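The values are calculated or read from the model by the stated rules, or taken from the named source; none is laboratory data. As the structure is a prediction and not an experimental result, all values here were calculated from the model. Glycine gets a Cβ as well: all are built from the backbone with ideal geometry, and neighbour counts include every protein chain shown.
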Amino acid sequence: MRDKALSEDEVMRILEETRSRDFCYDRFFSTMCTRPHPIAIRAHDLFLETNLGDPGLFPGVADLEQQVVHMLGELLGCANVAGYISTGGTESNIQAIRAARNEAGRKNGNIVVPASAHFSFDKIGDLLCLEVRKADLDENLKVDLGSVESLVDGNTVALVGIAGTTEFGQVDPIEGLARLALERGIHLHVDAAFGGFVLPFLEGDWRWDFQVKGVSSITIDPHKMGMSTIPAGGLLFRGQDCMNALETETHYLTKARQASLTGTRSGAAAAATYAVMRHLGREGFQEMVNYCMDLTRHLTLGARKIGIEPFIEPVMNVVALKVPSTAEVREELMKRDWHVSMTREPNRALRLILMTHMTRENVNLFLKDLEEILRS
Ligand SMILES: Cc1ncc(COP(=O)(O)O)c(C=O)c1O
């Protein structure tokens, strides 16, 4: 740090210039986050200095957090859940598995996750000293139940299913996993970091949430399809026991015990999530998901017209296109300022997420560029 002070204007000038180097959401197909809803920004600002790590000092926002947990639980089939607003999917997944491990009382166990699991589970293996066993996927890129069964043993502390995989937006057979979990008395965690705010608004009888007996915990991220501000993650447990299994004593704070992973944590994202959920209601989320799904169909149809097929029929607003020489095509698209990503081998594809910041007009421009690149 320099000795001399800089004026506020000078600092802001530097910051604004720096911010202008960031890319713009309008052309992002690669991210599962989006611009927060305006009311989320207002709520975030209002609660910026609050600290949920010391909730006795901030009972207002602590109450809001519990109301958010309740609303999320209601959305996912069980209003009576326990949980908290984390920093995102990674923290929620870590904490869900930590709770499962602590409840099982086994330190050197294993977890069985689909091969499609988010990389946060690799971090979990490392942090919690658990072996991460990866189950095969079937031809639709859902986890294969036979493969899961073959990997489970007496040291398995948790099974994981994904409701909205990061790369393909696919939903695992949660009911099948739940049967297995109940039979063996194992914790079943559902990672719905992305799909949690999508699946409740899709047509079709999706059975994946707390309505399925045997689902013990769910990750759902308000900072993805929940239109909240970053960092807002949701961690929900069917019962209080799992929260208790995470608690440590907190000697000097206003509450004697704490279950969250981080100590000091902002209440801003919890307030922002509360604001969006109350303001939009189910109607608003339905409209938003309809919008994203309409874009998804438009993109898929447009891709088919230029001879490109999706890897799987899109389930939610995630499209993985089979394009030849994927890496080169992606590079050419990036040169044209389209931010796209790729899925992993052996199912390499161009991965596109249709978030609320995307427009039909930009999808059309993107398809035109994609066609030109493929023809060149
Ligand atoms: C299914 C799933 N789980 C977990 C995560 C991790 O979430 P975060 O980046 O908020 O930690 C992601 C991120 O995209 C995800 O798609």
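Each residue in segment 219-274 was checked for being in a loop (DSSP other than H, G, I, E, B) and of a type in the set (Phe, Trp, Tyr), and 1 of them qualify. With respect to residue 304, is the statement that it is at pLDDT 95 or above, touching a Ser or Thr at 6+ places or on another chain (Cβ under 6 Å) and either over 28 Å from residue 89 (Cα atoms) or not in a helix (DSSP H, G or I) (or both) true? No; evaluated as a whole, the condition is false for this residue. Given the criteria closer than 22 Å to residue 44 by Cα, of a type in the set (Val, Ile, Thr) and more than 10 Å from the ligand (Cβ to nearest atom), does residue 229 qualify? Spelling it out, residue 229 is indeed closer than 22 Å to residue 44 by Cα, of a type in the set (Val, Ile, Thr) and more than 10 Å from the ligand (Cβ to nearest atom). Considering only segment 330-352, I want to know if a residue exists there that is in contact with a Lys or Arg (Cβ under 7 Å, 6 or more places away or on another chain), within 30 Å of residue 205 (Cβ to Cβ) and either in a loop (DSSP other than H, G, I, E, B) or not aliphatic (A, V, I, L, M) (or both). Among the residues of segment 330-352, at least one is in contact with a Lys or Arg (Cβ under 7 Å, 6 or more places away or on another chain), within 30 Å of residue 205 (Cβ to Cβ) and either in a loop (DSSP other than H, G, I, E, B) or not aliphatic (A, V, I, L, M) (or both), which makes the answer yes. Among the residues of segment 284-301, not one is within 21 Å of residue 208 (Cα to Cα) and either outside any helix (DSSP H, G or I) or free of Cβ contacts under 8 Å to residues at least 12 places away in the same chain (or both).
Screening residue 31 against (1) of a type in the set (S, T, N, Q); (2) surrounded by 17 or more Cβ atoms within 10 Å (Cβ to Cβ); (3) within 21 Å of residue 196 (Cβ to Cβ) leaves a single unmet condition, (2).
Checking 267, 281 one by one, the residue that is free of Cβ contacts under 8 Å to residues at least 40 places away in the same chain and either farther than 16 Å from residue 34 by Cβ or in contact with a Ser or Thr (Cβ under 6 Å, 6 or more places away or on another chain) (or both) is 281 and no other. Only one of the listed residues (307, 263) is in contact with a helix residue (DSSP H, G or I) (Cβ under 9 Å, 6 or more places away or on another chain) and surrounded by fewer than 15 Cβ atoms within 10 Å (Cβ to Cβ). That residue is 307. When residue 147 is tested against the conditions (1) part of a strand (DSSP E or B); (2) free of Cβ contacts under 8 Å to residues at least 60 places away in the same chain, the lone failure is (1).
Pairs only if they're at least six apart or on different chains, beta carbon under 8 angstrom, first in segment 350-376 and surrounded by fewer than 19 Cβ atoms within 10 Å (Cβ to Cβ) and modelled with pLDDT under 95, second outside any helix (DSSP H, G or I) and not hydroxyl-bearing (Ser, Thr, Tyr); list them, first residue then second. Partner pairs satisfying both residue conditions: none exist.
Within segment 110-155, the set of residues being among the aromatic types (Phe, Trp, Tyr) and surrounded by 18 or more Cβ atoms within 10 Å (Cβ to Cβ) comprises just one member, 121. Note on segment 174-218: among residues that are among the aliphatic types (A, V, I, L, M), in a loop (DSSP other than H, G, I, E, B) and over 24 Å from residue 240 (Cβ atoms), the one that is nearest to the ligand (Cβ to nearest atom) is 198.
Only one of the listed residues (246, 261, 253) is farther than 28 Å from residue 168 by Cα and within 19 Å of the chain's Cα centre (by Cα). That residue is 261. Identify the residue in segment 119-173 that is of a type in the set (Val, Ile, Thr) and touching a Leu at 6+ places or on another chain (Cβ under 8 Å) and, among all such residues, is nearest to the ligand (Cβ to nearest atom). Checked segment 119-173; the qualifying residue nearest to the ligand (Cβ to nearest atom) is 165. Comparison of 131, 103, 139 shows that the only residue that is in contact with an Asp or Glu (Cβ under 8 Å, 6 or more places away or on another chain) and of a type in the set (Asp, Glu) is 103.
Residue count for segment 310-337 under the criterion of being under 20 Å from residue 28 (Cβ atoms) and touching a strand residue (DSSP E or B) at 6+ places or on another chain (Cβ under 9 Å): the result is 14.
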